[in-house]
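The values are calculated or read from the model by the stated rules, or taken from the named source; none is laboratory data. It should be emphasised that the depicted structure is a prediction, and the values quoted were computed from it without experimental measurement. Here the Cβ positions follow ideal geometry from the backbone for every residue, glycine too, while neighbour counts run over all protein chains shown. With ligands, DNA and RNA removed, areas are computed over all heavy atoms of the protein, side chains included. Shrake-Rupley method; radii C 1.70, N 1.55, O 1.52, S 1.80 Å.
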Amino acid sequence: MTTVEPSTAPAQRDRLLRRTLRDPVAVVCLAVLGLVIAGSLAAPLLTSHDPARSVLADTLAPMSGSHPLGGDGVGRDVLARLLYGGRTSLVGGTIAVLVAFAVGAPLGLVSGFYRGWFDAVAGWIVNIIMAVPAIIVMLVVMAAVSQDLNVAMIVLGVIMAPMVFRLIRASVLAVREELYVDAARVAGLGDARIMRRHILPVVIAPSVIQATQVFALAIGIQAGLAFLGLGKASQPSWGAMLNDAFTNVYNEPMLLVWPGLAMGLTILSSSLLGNAVRDALGVAEPVVAKRRRHRAKAAGAPVADLPADRLLTVSGLCVAYGEKTVVDGVDLIVARGEVLGLVGESGSGKSQTAFSVLGLLPDQAEVTADQLSFDGKDLLGLDLADLNALRGRGIGYIPQEPMSNLDPCFRIGFQLAEPMRKHLRLSRTEARTKALELLARVGIADPERVFRSYPHQISGGMAQRVLIAGAVSCDPRLLIADEPTTALDVTVQAEVLDLMRSLQRERGMGMILVTHDFGVVADICDRVAVMQRGRIVEAAPAARIFAGPAHEYTRMLLDSTLEGGPARGPLVTPAEPVKEVTS
Amino acid sequence: MLAFLFRRLAAGAVLVVVVATTTFLLLSLTGTDVARNILGETATQSAVTAKRHELGLDQPLVERYWHWAEHALQGNLGSSWFTGEPVNQSLTDTLPVTLSIVLAGMLVAAVLSVTLGTAAALRGGWVDRVVQFAAVLGTAVPSFLIALVLAVTLAVQLGWLPATGYVALGDSPGDWLRSITLPALSLAVAATAATAMQVRGALIDVLRADFVRTLRARGLTTRSVVFRHALRNAAPPALTVLALQFIGLIGGAVVVEKVFGLPGIGTLANSAAVRGDAPVLLGTVVVTVVIVVAVNLLLDIAYGWLNPKVRIS
């Protein structure tokens, strides 16, 4: 069963319906279902035969005027059984859906809304029901209670109620997390009102999808039971037809086709319809691995007056997502051994700039530049293998959030050793020795223990030290640090900055330090570039920036930092709040 | 981890007891006169009474339940009301058949779902659309309909594989494989479809995770990032779905066995249900639930092995 994300846009229900109907698959499915419904409703008009009446002479009768689809193994009219059998399927499916929702929806609502002991008990019962194969339960029930397929479908509805329960409960939990339910509560709305106003609209679309699935499943299980020979002989059904056809498969294989086709098409239409609704709601598309980095113009002639020790040159860098340009013509230079602070508020494009150097932007990003070169090597137009040879080895990366940047499934030692074994071609033991040295170098008291640990077993500060060790492990010439201290405790921040500064000096690495915090800049940066709305508004040596900022925006950033609070929020009306990769 | 497994084992035991008790009660509440059904319409009333006594049906319900439960705990599930054959014997005969097709189906589903789900997540575009569409079809169509189509086309019409019958693994491994191929494939379709979608979804999520970007920034190859790191992280949720699918597979086996004429547990349960043979039906239900619990326990262990957070705590 695919999980269904609850929609958060209740007002779009009508649009959802229209979008669904624009999907040709959905229209075909609706047509097929309509045809099946019409056929079974109009059964008495379409055939005069009694679907349960056997006529010996009609046994395996060929198709003819009086029997358009022939006779079955015991002389009953196939068309009549097909049409009346449709009734059994549709009624059965509907019963199951109604019962499943009547039982599952209210329980899921209460469980998700109030939690507590009720949720625990309901969850326990649900797990028990879901642990037993439905058809086995149905065998027991039909043996014990009734051979009537409709009664069986009521029971099946109860067995499938957990599917509905889980969906509704999950949706309600998701909505509850949203602040507006709390707000509604504070505003004095009663629980019933909150459920009706805020929760019901959200669960309707996923419920429709779930209903189509329950419907399809129920029809399949009902047919399976009838195929096994359960059910009353007086109740014509597609499953019973399949049973009869299967015993005559060597004499008259065509008998299998009609009920098989009817059942297959009904089930598929129902499922595909649910799928079309889901598509109309919109779901996650995979990110396709395709790199789009190219030169804006023919390679700009290298500017003449540049120092020979330049490590990174960026000129005319633009990053766009569709119509939205987040980096708009950025020029940057980092000299060997120099620390450049890239400063700006959230959404100013500083992280996007840093990631474009590593070629690590999401694939939807359109990256262009006049020049993007590292240590004399043109980064534009590198293939993935060349880029991989450079990442880690030439350019190291320190992320913002320590805990989410280590693979939770692998030991820290392995994660440190893997790039070294690849880039430096170290053996397992060499890599281990070097990893332990690195851990000790970044100030970890017990390297052996951390080497053996999984990420969830160490603290955030330690994890950041591990990530720094990883970034410098292959002796890169440039380090890109993306807000490396933002996620850390204030006490740890200073230590980590000190560590980065000392590593940078010791190894003579160039560094781009992305930050919003002028305190960090003052600590370690040689030069500063201030970004606003995708552009660099001011670039100068750090001392000069602090002494006399030339741009008004820089002044505002400086002022807000000096007042104490980190400058996170937009200071001036942002052109467009752009999501940063790092956030 | 041990405490976790112990809890799961205890929960499994409770599940078996609850299901067995419920089933026992349900089967005891039928209005039909079993002794009369066994002996036929012509039997005398005294013979029916004697039969009822023989089966213990004249005892109070609670006593009958204790009697059954006591024996069941000692591993004796009673005898068939109709044939007198010990239920244990019937189960020993039929279980290998069902386990063969269900476990083979699980294996096929595991391999195919990882392949298809990974392809869909990595390639995107038309590959993704085809896999998604096929998955919708695969989850929707009941396994026995697939079994019917396979049986009629590949077995009956083309004669490539046997249409009916089971050959024990010990008798002839080759024939065993031939006899379970089509049933296992029919069962695997739905599980493959559902699990492939889970693999796809989980992999897409993991590939967007921060640590994947950091691994890329370290210069690791796509092969290492995807197959060593991302797939490993995507495995636990996929495994959870596969565990749920196993329950569906056992249910599907009941009908699929009939299609291929396999003398498995489903066939046993079905004939017992049609006759109203309570001890046999009860025995098959209990064994089914025990298998479900056992497989879930195995998958829990695998889950813990894949997920260090569960293993170390």
**Accessible area of chain B divided out per residue, in Å², using a probe of 1.4 angstrom** = 44
**Message:** Could you check the spin-label model distance between A:Leu384 and B:Val17? Points 7 Å from the Cα along Cα→Cβ, value in nm.
**Reply:** 5.5
**Prompt:** Once both labels are modelled 7 Å past Cα along the beta-carbon direction, what's the A:Asp148-B:Gln74 spacing in nm?
**Reply:** 4.3
**Request:** Evaluate the relative contact order of segment A:315-410 (contact order divided by residue number), counting alpha-carbon pairs under 8 angstrom at least 6 apart; express in whole percent.
**Result:** 28
**Item:** Whole-percent carbon and sulfur share, accessible surface of segment A:400-473, 1.4 Å
**Value:** 53
**Request:** Please give the residues from segment A:128-152 for which the solvent-accessible area of heavy atoms, probe 1.4 Å, is smaller by at least 30 Å² with all protein chains in place than with the chain isolated.
**Result:** A:Ile128, A:Met130, A:Ala131, A:Val132, A:Pro133, A:Ile135, A:Ile136, A:Leu139, A:Val140, A:Ala143, A:Ala144
**Fill in**
Output ordering of B:13-19, A:182-188 (per-residue mean of other Cβ within 10 Å, highest first) is B:13-19, A:182-188
**Prompt:** Across chain A, where is the longest run that never hits GluC sites (Glu not before Pro) in a DSSP loop with at most 14 other C-beta atoms within 10 Å?
**Reply:** A:324-562
**Item:** Sequence-distant residues sharing a close amide H with A:Met531 (under 5 Å, placed H)
**Value:** A:Val343, A:Gly344, A:Val537
**Request:** Note every residue of segment B:119-165 with a reduction of at least 30 square angstrom in accessible area, all protein chains present versus the isolated chain, computed with a 1.4 Å probe, or write none.
**Result:** B:Phe133, B:Val136, B:Leu137, B:Ala140, B:Pro142, B:Phe144, B:Leu145, B:Leu148, B:Val152, B:Val156
**Complete:** Across A:405-413, the residue-averaged tally of Cβ atoms belonging to other chains within 10 Å stands at 6
**Item:** Per residue accessible area in Å² of segment A:345-408, where ligands, DNA and RNA are left out and the probe is 1.4 Å
**Value:** 27
**Item:** Contact surface A-B: accessible area buried, both sides summed, square angstrom, 1.4 angstrom probe
**Value:** 6300
**Asked** Calculated from DSSP H runs of 4 or more alone, at -39500 (n - 2.57) each and per residue, what is the 222 nm mean residue ellipticity of chain A, nearest 500?
**Response** -17000 deg cm²/dmol
**Message:** 7 Å from Cα along Cα→Cβ at both A:Leu56 and B:Trp126: what's the point-to-point distance in nm?
**Reply:** 6.0
**Complete:** Residues from segment B:220-255 losing no less than 20 square angstrom of accessible surface in the full protein assembly compared with the chain alone, 1.4 angstrom probe, ligands and nucleic acids excluded, are B:Leu220, B:Thr221, B:Thr222, B:Arg228, B:His229, B:Arg232, B:Asn233, B:Leu244, B:Ile247, B:Gly251, B:Val254, B:Val255
**Asked** Of A:Gly413, A:Ile444, A:Ser459, which is farthest along the charge dipole of segment A:400-473 in the positive direction, counting Lys and Arg as +1 and Asp and Glu as -1 at C-beta?
**Response** A:Gly413
**Asked** Can you count the Lys pairs in the protein assembly as shown with C-alpha separation below 16 Å, eight or more apart or on different chains?
**Response** 4
**Prompt:** What percent do you get for the relative contact order of segment B:88-275 when only Cα pairs under 8 Å and 6+ apart count?
**Reply:** 35
**Message:** If I take every Cα pair under 8 Å that is 6 or more residues apart in segment A:32-282, average their sequence separation and divide by the length, what percent do I get for the relative contact order?
**Reply:** 24
